[in-house]
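Comments concern the structure below.
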Ligand code: SF4
């Protein structure tokens with residue numbers, strides 16, 4: 001199933017919270033920037049259901065201001 | 001480091017995100033990150049994204065002749081490596097199970113598969129026969145802002161040049177025509193003066209009826225990134241309903257449908273009253289004008305309108321604005337005088353650079369040309385135009401609405417250079433197309449709505465439809481579908497999947513899709529983007545360009561269509577380029593396009609022009625001038641007095657709700673491609689009707705319950721969405737149009753802007769019933 005990468009921007013002052021929230025989520029890996037409030041998020045889900053649920057949880061994350069996709073690969077294609 | 005395939009791909013995903021972050025946030029660093037080199041069996045090739053007029057550059061990953069991955073192209077200045085959910089999943093649209101791979105012909109009422117050559121023979125024979133029997137204006141081509149530039153070019157050459165009929169239209173009439181007439185009437189020349197770099201320069205953004213968060217998500221991300229980086233950036237969402245854009249904006253301001261005209265005039269009133277007008281700029285670079293008023297709505301067949309511009313003085317213009325004090329405009333629009341004054345103060349502040357963005361909200365508007373004029377007025381009065389960050393910016397919806405429809409001129413009155421009414425333009429086209437003088441008819445025929453009315457009436461008997469799905473997208477759809485189904489109409493449809501439009505076809509041609517062919521698109525910021533054939537198409541699929549060439553040759557126009565299938569795109573491009581051989585519109589040579597991730601025109605002396613009409617950036621400006629609006633003879637832009645007039649149909653006692661229609665981020669237009677992409681389809685599997693929570697409570701419906709929407713033209717029953725991604729104000733409902741199972745255009749009204757002839761999909765009256 002898809003491997004996607006995103007740039008995640010936190011709500012103002014919410015960098016730490018967003019890092020915590022994202023790292024706690026299944027199928028998510030993050031690389032926070034050292035000098036800016038920006039996080040690289042990589043998601044790697046095993047199936048359609050997991051992907052759907054993950055996208056839903058990401059959409060509802062209060063600490064997240066915006067998520068912009070940068071890469072996608074679908075292993076099942 | 002030893003990597004398996006999956007961890008390699010993950011590493012490539014990180015790499016892409018880090019590169020993108022680097023271009024959007026200069027100096028950003030990620031300590032916990034190591035670059036991994038290598039290709040792991042994937043080859044990456046550049047293309048513009050298939051979906052939307054933003055024109056993001058993507059890199060398509062290919063293994064074994066199959067597109068398997070997409071990443072944002074960091075070398076493309078449009079998106080700097082970003083990509084949205086539609087862009088990433090775009091390659092999956094190539095591989096839907098029911099892809100059209102064979103030509104089909106209707107025989108005894110049934111569609112049967114035939115070799116494509118046979119289908120092309122039938123099309124040519126039917127075209128010839130129809131012209132002979134009913135005259136040249138009984139045949140028509142209806143194309144698209146998703147046509148590649150060569151597709152539109154050969155269509156225009158065949159129909160306007162060789163067949164001598166101006167029956168060529170494209171679906172961009174439904175999305176961009178008001179933007180074109182806005183530019184033409186204010187500046188005398190089409191397309192935005194600025195570029196996307198304005199986003200990084202601007203301090204204030206005002207989105208006019210434009211849900212950028214869903215419709216232009218990558219540009220919206222750039223806006224949010226700029227706000228994050230610079231801190232003092234303000235985003236105002238001025239709209240008729242609350243959307244994801246409103247949620248991310250610093251201020252959301254709602255106006256009543258069609259009253260943006262009053263709001264814009266009130267902003268101008270305030271700018272002048274407070275002395276924020278740039279007097280020097282206005283004196284040197286603008287003139288004042290008024291046109292006809294009470295101009296109608298075009299709901300009747302054969303509707304005709306011609307504006308009559310008259311000069312006016314600044315004093316007269318000021319007097320006209322007296323009807324739009326913030327207080328008076330508040331009574332019309334529902335926007336508080338305070339908010340109007342606030343917006344005026346942002347536009348008027350000489351220390352702030354302001355960019356206005358708009359798209360369908362202002363264009364699909366019965367006074368679309370007027371509202372485009374009025375937003376230009378604001379920027380002209382304050383001199384905030386044609387400089388980095390100061391930009392009135394009309395965005396496009398489709399990937400090549402600009403490139404193919406506006407630049408190639410695939411509208412009834414247009415040619416690749418100029419309009420059919422002008423002898424000079426006709427002569428130029430006849431010369432380049434190697435046609436006898438007088439081949440091109442000087443009279444425009446039908447704009448899109450009237451073209452489908454002509455099909456219904458029987459004035460048009462043959463129509464070839466490519467890359468678009470009018471049996472979903474035409475307003476007042478029942479009439480036009482019934483017209484297309486009449487016995488003696490002959491419809492050819494070229495497409496990639498079965499749709500409600502192929503359902504009415506007599507011949508279906510299987511088309512190559514996107515990167516299965518070579519081509520070019522032109523995006524919202526005057527950028528032409530070339531792509532190679534990256535993967536092979538299935539079955540008998542053929543590019544739309546080549547389909548037209550095949551038919552043209554069967555009709556005897558070999559001399560005009562001499563190219564070989566090996567290199568026809570390059571040859572067509574170089575021929576087309578001759579139309580724009582001047583510093584105001586020069587296009588880049590083929591080899592330059594092939595090498596780069598898009599090139600902006602005017603391309604002069606090897607350089608792209610970022611900001612037009614400003615002599616610092618634009619070599620076409622008169623020597624010694626600072627600004628030169630060279631589309632107008634005297635180099636001056638026009639400020640227009642355009643009043644507020646109401647919509648064609650407003651809620652009344654019987655039909656007491658506004659119906660507004662539009663899109664969602666996951667789906668492209670009528671959904672024929674994106675609904676075949678599992679992740680996008682699952683995200684929004686069907687259309688719905690958004691209701692205001694209070695209206696829903698009054699009607700007694702909760703989320704997911706069925707609501708019947710009834711207009712004077714038709715009705716539809718669908719699930720309610722309450723407090724979803726969009727929330728309309730009380731008295732309005734909103735329906736996305738992507739779902740062929742819920743054809744909302746059976747309910748909408750075919751009223752249009754009398755100047756642009758673009759229909760208004762945002763306003764008609766309906767009533768609701770709990771189903
Ligand atoms: S914003 Fe538009 S062009 Fe860019 S990736 Fe998304 S759909 Fe494609």
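All of the numbers you see were taken from the coordinates with simple rules; none came from a lab. Note that the coordinates shown come from a computational prediction; the quantities given were computed from them, not determined experimentally. Quick reminder, even Gly has a Cβ in these numbers, built from the backbone with ideal geometry, and neighbours come from all protein chains shown.
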### Rough spin-label spacing in nm, given labels placed 7 Å along Cα→Cβ, for residue B:702 and residue A:16
4.1 nm
### Query
Within the stretch B:320-339, whose backbone N sits under 13 Å from a point 7 Å along Cα→Cβ of residue B:650?
B:331-334
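Over the stretch B:5-95, what is the relative contact order in whole percent, taking alpha-carbon pairs under 8 Å and six or more residues apart?
Once normalised by length, the contact order is 24 percent.
What FRET efficiency comes out for residue B:633 versus residue B:457 if R0 is 30 angstrom and r is the Cβ-Cβ distance? Round to the nearest 0.05. Walk me through the numbers on the way to the answer.
Values: r = 40 Å, r/R0 = 1.32.
For residue B:633 and residue B:457, the calculated efficiency is 0.15.
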### Query
Going by the alpha-carbon gyration tensor, a ≥ b ≥ c the square roots of its eigenvalues, is the protein assembly as shown rounded (a/c under 1.5) or, if a/c is not under 1.5, prolate (a/b greater than b/c) versus oblate?
rounded
### Query
Counting pairs of alpha carbon atoms under 8 Å apart in space and at least six apart in sequence, what relative contact order in percent does the stretch A:2-68 give?
48 percent
### Query
Taking Cα centroids, how far is the stretch B:673-714 from the stretch B:289-323 in Å?
38 Å
### Message
Taking every DSSP beta bridge with both residues inside the stretch B:657-748, roughly what % is antiparallel (nearest 5)?
### Response
45 percent
### Query
To the nearest 0.05, what FRET efficiency results for residue B:6 and residue B:336 with a Förster distance of 41 Å applied to their C-beta separation?
0.15
### Query
Okay, which of the stretch B:668-686 sit inside 20 Å, backbone N to the point 7 Å along the Cα-Cβ direction of residue A:48?
B:668, B:671-686
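Could you list B:593, B:261 in order of exposure, starting from the residue whose Cβ has the fewest other Cβ atoms within 10 Å?
B:593, B:261
Counting only other chains, what is the mean number of Cβ atoms within 10 angstrom of the Cβ of each residue in peptide A:36-49? Walk me through the numbers on the way to the answer.
Working: counts 11, 3, 9, 3, 12, 3, 7, 2, 5, 0, 0, 0, 3, 1.
Taking the mean over all residues of the peptide, I get 4.
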### Summary
Exposure-ranked with fewest Cβ neighbours within 10 Å first, B:252, B:756 stand as B:252, B:756
### Task
Determine the distance separating the Cα centre of the stretch B:235-250 from the Cα centre of the stretch B:392-446; give it in Å without decimals.
37 Å
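Considering Cα pairs under 8 angstrom that are at least six residues apart, work out the relative contact order of chain B and quote it in whole percent.
Details: 1749 pairs, mean separation 149.6, N = 771.
Value for chain B: 19 percent.
Compute the length gained on full extension between residue B:607 and residue B:581: take 0.36 nm times their separation in residues and subtract their Cα-Cα distance, giving the result in nm to one decimal.
On the way: separation 26, 0.36 × 26 = 9.36 nm, distance 1.46 nm.
7.9 nm is the gain from fully extending residue B:607 to residue B:581.
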### Task
Compute the separation of the alpha-carbon centres of the stretch B:640-671 and the stretch B:565-589 and state it in Å as a whole number.
39 Å
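Rounded, prolate or oblate for chain B? Axes are the square roots of the Cα gyration tensor eigenvalues, ordered a ≥ b ≥ c, and the cut-off for rounded is a/c under 1.5. Write down the numbers at each step before the final one.
Details: a/c = 1.22, a/b = 1.16, b/c = 1.06.
Rounded, since a/c falls under 1.5.
Shape of the stretch B:5-95 from its Cα gyration tensor (a ≥ b ≥ c, root eigenvalues): rounded if a/c is under 1.5, otherwise prolate when a/b > b/c, or oblate? Working shown, then result.
Working: a/c = 2.28, a/b = 1.16, b/c = 1.96.
It is oblate, given that a/c is not under 1.5 and a/b is not larger than b/c.
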### Task
List the residues of the stretch B:147-180 whose backbone N lies under 16 Å from a point placed 7 Å from the Cα of residue B:128 along the Cα-to-Cβ direction.
B:163
## Note on the structure
Short to long, in 5 Å steps from zero, the percent of alpha-carbon pairs of the stretch B:481-556 per bin is 3, 14, 17, 18, 18, 16, 9, 4, 1
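Compute the whole-percent fraction of alpha carbon pairs in the stretch B:41-81 spaced more than 16 Å apart.
When every Cα pair of the stretch B:41-81 is considered, 32 percent fall beyond 16 Å.
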### Task
Figure the gain on full extension for residue B:730 and residue B:121 (residue separation times 0.36 nm, minus the Cα-Cα span) and round it to one decimal in nm.
213.7 nm
### Message
If I take R0 = 30 Å and measure r between the Cβ atoms of residue B:712 and residue B:686 in this structure, what FRET efficiency does the formula 1/(1 + (r/R0)^6) give, to the nearest 0.05?
### Response
0.75
### Summary
Contour minus Cα-Cα span, residue B:443 to residue B:276, at 0.36 nm per residue, comes to 55.6 nm
### Task
Kindly provide the helix-only [θ] at 222 nm of chain A, computed as the sum of -39,500 (n - 2.57) over DSSP H runs of four or more divided by all residues, to the nearest 500 deg cm²/dmol?
-8500 deg cm²/dmol
### Summary
What helix-only [θ] at 222 nm does chain B give? Using -39500 (n - 2.57) per DSSP H run of at least 4, over all residues, to the nearest 500, the answer is -8500 deg cm²/dmol
